[in-house]
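The values are calculated or read from the model by the stated rules, or taken from the named source; none is laboratory data. Everything numeric here is computed off the predicted structure, so don't read it as measured data. Using ideal geometry, Cβ is built from the backbone for each residue, glycine included, and neighbour counts are taken over all protein chains shown.
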Amino acid sequence: MTVRYPQPRLSQLLGATLIVSLAIGLTSPSVSAAPATDSLASTDTPAAAGPLATAFDRAAARYGVPRDLLVAVGYAETHLDGHAGAPSASNGYGVMHLASNPKVRTLDEAARLTGLDPTTLRTDTAANVTGAAAVLRSYADQAGLTATQRADLDHWYATVVRYGGASTPTVARLYADTVFDLLGTGFDATTSGGPVRVAPRKVAPERGALAAVAPLGAGSGDGVGVMSTDYGPAAWAPAHAENYTVSSRESAYPINYVVIHVTQGSYAGTISWFQNPASNVSAHYTIRSSDGAVTQSVREKDIGYHAGNWTYNTQSIGIEHEGYVNQPSWFTDAMYRSSAALTRHLCDRYGIPKDRSRIIGHNQVPGATHTDPGPNWNWTYYMQLVTGSTPPPSWSVTVDNTTSGAFTASANWGTSTYSSQRHGADYRFADPVEASDPAWYRANIPTTASYRVEAWYPDDPGYNSSAPYIIVTPSGNQTVYVDQRSGGGGWRNLGTFTLAAGDGNKVGVSRWTGGTGLVIADAIRISRV
């Protein structure tokens, strides 16, 4: 068998010089974006639009693209972080991930359609948003969408598919479904360019031919199986044959390492990139940020091109994690737990010691030019999950809605003792409304570190189907949506988050939701992990 020595992945550390902002917008900001529902201030009037929101508004109006669709595409790609003009692994730039690679040429198309210089499109956020809007409108026109159809989000599904540039129908559906799922749930991005909000709404995308394509992991006719034959929880989406070497490990090579990577891109985009023969890269598994979903792209017996070192490629299994090294918002508890379960399985299967000499970051591979998983990856917590040695919390606090000086809510929040599932004497309730009126839980965090956040609420069929819990982190507010119609009467784990040291509002329950039913605020518990 011919041994191939693939080229390393694009460096995620390429620099870029920022340029003077376009008259319409802003230069590429340093952004920490994450789902959120309300700002820290409890006001009845939403904050004025910042420059990033204004850039979306103007680009959408200029090209006749639905504004929220434009934002959702950007959020799915980058969490609205332009990364100072540095490229993603697939050579995509800016908050809209305008790409220039042999498969996807949206950067070049944007330059042609807008007349803007590619450097401007790469490094200026307003230009980047404008370029993406121009490309999307061009695709809509080529698809023959009428003005009436363009006004309906559900008609844009095929246009979004084309923007993603996926190589197979299943991954194309994965990409577009991600965007439309965001439109359905709604989200707030907290960025240095100001907040950007997409309100939740009902969506029923017109998938066309892709309606007959099963979602990833549910079986399809394009070579994508229901589940991986190596690891049961994983879906199977094979990388292109040019991007890995067929082998017979462990007889041909021992498997001695698990290498942890960060994709420098989105989940769907990474899987698609592995299917692009021009990429010359692949990893065995990719983990999604939002829910820990796993996709396998290379069989464990075969050699993936992920480590940039042939010896390590032959002796390792590579696990990619959706996100960017400089954005902690991607590293969710669901991702950590799913990845740790996979790593634990691999170690048990191949006799790999469960320690940091064999479970390593890409940056630890000899000769590596990459820094992933980077300083925001919580190795301590991850290894505790892998080994099952998570110690009891060294610090914990419970805040009830009756805790003196630690709970605040406006007069719009009522008090009830109706449910016997309540924590303490009573709990608070309010109708959902599109206004910033959260109930806040205050805590004095001893040191900046990782904390598990749990919520207690009574459940009832009349309670909210998608209650937003806001967690205040150093990188911006993050939101977990909880169906309060079930699962109450006990501690519900919202995830593990980095919380900043100091006394202040740390967790909120927002009324701003597209869910139906009363929003409940009862108690929260914060524990260091």
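Structure above, values below:
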{"item": "Residue match in segment 487-497 (condition: crowded, with 22+ Cβ neighbours inside 10 Å, at pLDDT below 95, more than 21 Å from Arg337 (Cα to Cα) and of a type outside the set (Asp, Glu))", "result": "yes"}
{"item": "Candidate set from segment 89-129 (those that are among the acidic types (Asp, Glu) and without any contact (Cβ under 8 Å) to a residue 40 or more places away in the chain); member that is surrounded by the most Cβ atoms within 10 Å (Cβ to Cβ)", "result": "Glu109"}
{"item": "Some residue of segment 412-423 being under 27 Å from Ser329 (Cβ atoms) and of a type outside the set (Ser, Thr, Tyr)", "result": "no"}
{"item": "Segment 219-234 - residue that is of a type in the set (A, V, I, L, M, F, W, C) and in contact with a helix residue (DSSP H, G or I) (Cβ under 9 Å, 6 or more places away or on another chain) and, of those, modelled with the highest pLDDT", "result": "Ala234"}
{"item": "Options Arg422, Arg492, Arg485; residue that is among the basic types (Lys, Arg), within 15 Å of Thr513 (Cα to Cα) and not assigned by TED's automatic domain parsing to the domain that holds Thr380", "result": "Arg485"}
{"item": "Any hit, segment 223-243, residues being closer than 20 Å to Val365 by Cβ, part of a loop (DSSP other than H, G, I, E, B) and in contact (Cβ under 8 Å) with a residue 12 or more places away in the chain", "result": "yes"}
{"item": "Filter pass, Arg105 being touching a strand residue (DSSP E or B) at 6+ places or on another chain (Cβ under 9 Å) and basic (Lys, Arg)", "result": "yes"}
{"item": "Per-region count, segment 129-155, residues touching a helix residue (DSSP H, G or I) at 6+ places or on another chain (Cβ under 8 Å) and of a type in the set (S, T, N, Q)", "result": "3"}
{"item": "Residues within segment 424-435 that are surrounded by fewer than 20 Cβ atoms within 10 Å (Cβ to Cβ) and either within 10 Å of Ile520 (Cα to Cα) or among the hydroxyl-bearing types (Ser, Thr, Tyr) (or both), tallied", "result": "1"}
{"item": "Residue within segment 359-367 that is outside any loop (DSSP other than H, G, I, E, B), in contact (Cβ under 8 Å) with a residue 12 or more places away in the chain and either outside the structural domain of Val259 (by TED's automatic domain parsing) or touching a Cys at 6+ places or on another chain (Cβ under 9 Å) (or both) present", "result": "yes"}
{"item": "All positions within segment 199-211 that are closer than 21 Å to Gln149 by Cβ and among the aliphatic types (A, V, I, L, M)", "result": "Val203, Ala204, Ala209, Leu210, Ala211"}
{"item": "Qualifying residue in segment 284-293 (condition: of a type outside the set (Phe, Trp, Tyr), touching a helix residue (DSSP H, G or I) at 6+ places or on another chain (Cβ under 9 Å) and at positive phi)", "result": "yes"}
{"item": "Which listed residue, of Ala278, Ala252, Ala307, Ala283, is farther than 24 Å from Ser88 by Cβ and either assigned to a loop (DSSP other than H, G, I, E, B) or of a type in the set (D, E, K, R) (or both)", "result": "Ala252"}
{"item": "Answer from Ala158, Ala166, Ala176 - the residue that is assigned by TED's automatic domain parsing to the domain that holds Arg62, in a loop (DSSP other than H, G, I, E, B) and touching a helix residue (DSSP H, G or I) at 6+ places or on another chain (Cβ under 6 Å)", "result": "Ala166"}
{"item": "Check on Ala72, buried (at least 21 other Cβ atoms within 10 Å of the Cβ), modelled with pLDDT of 85 or more, in contact with a Lys or Arg (Cβ under 9 Å, 6 or more places away or on another chain) and not assigned by TED's automatic domain parsing to the domain that holds Tyr244", "result": "no"}
{"item": "Only one of Pro254, Pro277, Pro238 that is surrounded by fewer than 23 Cβ atoms within 10 Å (Cβ to Cβ) and under 21 Å from Ala99 (Cα atoms)", "result": "Pro277"}
{"item": "Scan of segment 500-524 for residues that are surrounded by 24 or more Cβ atoms within 10 Å (Cβ to Cβ) and not in a loop (DSSP other than H, G, I, E, B), ordered by number", "result": "Lys506, Val507, Gly508, Val509, Val519, Ile520, Ala521, Ile524"}
{"item": "Ala439 being at negative phi, modelled with pLDDT of 95 or more, out of contact with any Asp or Glu (no Cβ under 8 Å at 6 or more places or on another chain) and surrounded by fewer than 17 Cβ atoms within 10 Å (Cβ to Cβ)", "result": "no"}
{"item": "Restricting segment 64-89 to residues that are within 17 Å of Val161 (Cα to Cα) and assigned to a loop (DSSP other than H, G, I, E, B), the residue that is nearest to the chain's Cα centre (by Cα)", "result": "Pro66"}
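Residue-by-condition table, conditions (1) surrounded by fewer than 20 Cβ atoms within 10 Å (Cβ to Cβ); (2) in contact (Cβ under 8 Å) with a residue 60 or more places away in the chain:
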residue	(1), (2)
His261	no, yes
Asp291	yes, no
Arg299	yes, yes
Asp302	yes, no
Tyr324	no, yes
Pro328	no, yes
Ala341	yes, yes
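Here is a yes/no grid of residues against (1) closer than 25 Å to Leu174 by Cα; (2) modelled with pLDDT of 50 or more:
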{"position": "Val3", "(1), (2)": "no, no"}
{"position": "Asp38", "(1), (2)": "no, no"}
{"position": "Gly50", "(1), (2)": "no, yes"}
{"position": "Phe56", "(1), (2)": "yes, yes"}
{"position": "Pro66", "(1), (2)": "yes, yes"}
